[in-house]
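Worksheet for the structure shown next.
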Amino acid sequence: MGDISEPRLVLPIVAAFSRYPEALAWGRTEAEAMWGPIALQSDPFLLTETTYYDEEMGPGQRKQFWAFAPIRSPEELPAWKHQSNACEVRYADLKQWPEPRPLNLDPGYISEAKLVLATTKDRDHRIYLRDGIYAEVTLHYRRKAWTSWPWTYPDYQRAEYHAFFDRCRLYLREQLAR
C-alpha cells in the first residue's frame, strides 16, 4: 500500500485569448489580482487552428499564456476555473465590444510531468474534480519533450507553445528546489 501524501506544488497558468489587446490587458490585471504576479508570459499567438470561438468572440483571436509566480497546490484548480469564469462575465458585462464573449480565460497548471487544463465540459478523457469542474491532461512531458494525446487541442501541439511550457517547467523545477 502506498503512503498518502500531499501533492507536489504546481505552476498555475492561464491561457487568455481575445481579439482585443485591451481585453487581454484587463484580464492580465484581474488575473494578477486573483493569483499573484506573473512570472512568465508568452508572446500573443494568433489562433489559427480553429474557428470554434469565432461566433461568440469574433475572428482573429490571439492567445497568450501567463504563468504565476507563487507555485500552489493542484487541488485549487476548480476554484481557479470558477474565478476565471466570473472574471469573463465581469468583462463581458462592461459591454465594450459587440461580441458576447470578448475574453476567454482558461486556467490550468504545469507540473513536472504534465499540462492540465480545467473545463466545465465532461468527456471520456476528463476527470471530475468538484463543483462542476473537470480536469484534462492536455500534454504530458516524456523523453524531454511535450507530447500530445489524441484529444490535445491542435494549437497546443504547436512548437511555440511547447517552448513556452519548457520555460514554465524549468521555472517550476527551480521553485521546487528551493
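Derivation of every value follows stated rules applied to the coordinates shown; laboratory data play no part. In this text the structure is predicted, and so the values were computed from the model without any measurement. No Cβ is skipped: glycine too gets one built from the backbone with ideal geometry, and neighbour counts run over all protein chains shown.
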Note to self: Need pairs with beta-carbon distance below 6 Å; first residue in a helix (DSSP H, G or I) and within region 161-172, second of a type outside the set (A, V, I, L, M); sequence gap 6+ or separate chains.
What the structure shows: His162/Trp146; Phe164/Ser42; Phe164/Phe65; Phe165/Trp146
Next item on the list: Name every residue in region 107-159 that is in a strand (DSSP E or B) and touching a His at 6+ places or on another chain (Cβ under 6 Å), in order of residue number.
Entry: Lys114, Trp146, Thr147
Check: For region 130-148, how many residues are more than 27 Å from Gln83 (Cα to Cα) and either in contact with a Phe, Trp or Tyr (Cβ under 9 Å, 6 or more places away or on another chain) or surrounded by 14 or more Cβ atoms within 10 Å (Cβ to Cβ) (or both)?
Finding: 4
Margin query: Cβ-Cβ under 8 Å, sequence separation 6+ or interchain: first residue in region 76-92 and farther than 10 Å from Ile133 by Cα, partner surrounded by fewer than 18 Cβ atoms within 10 Å (Cβ to Cβ) and hydroxyl-bearing (Ser, Thr, Tyr). Which pairs?
Written below: Asn85/Thr120
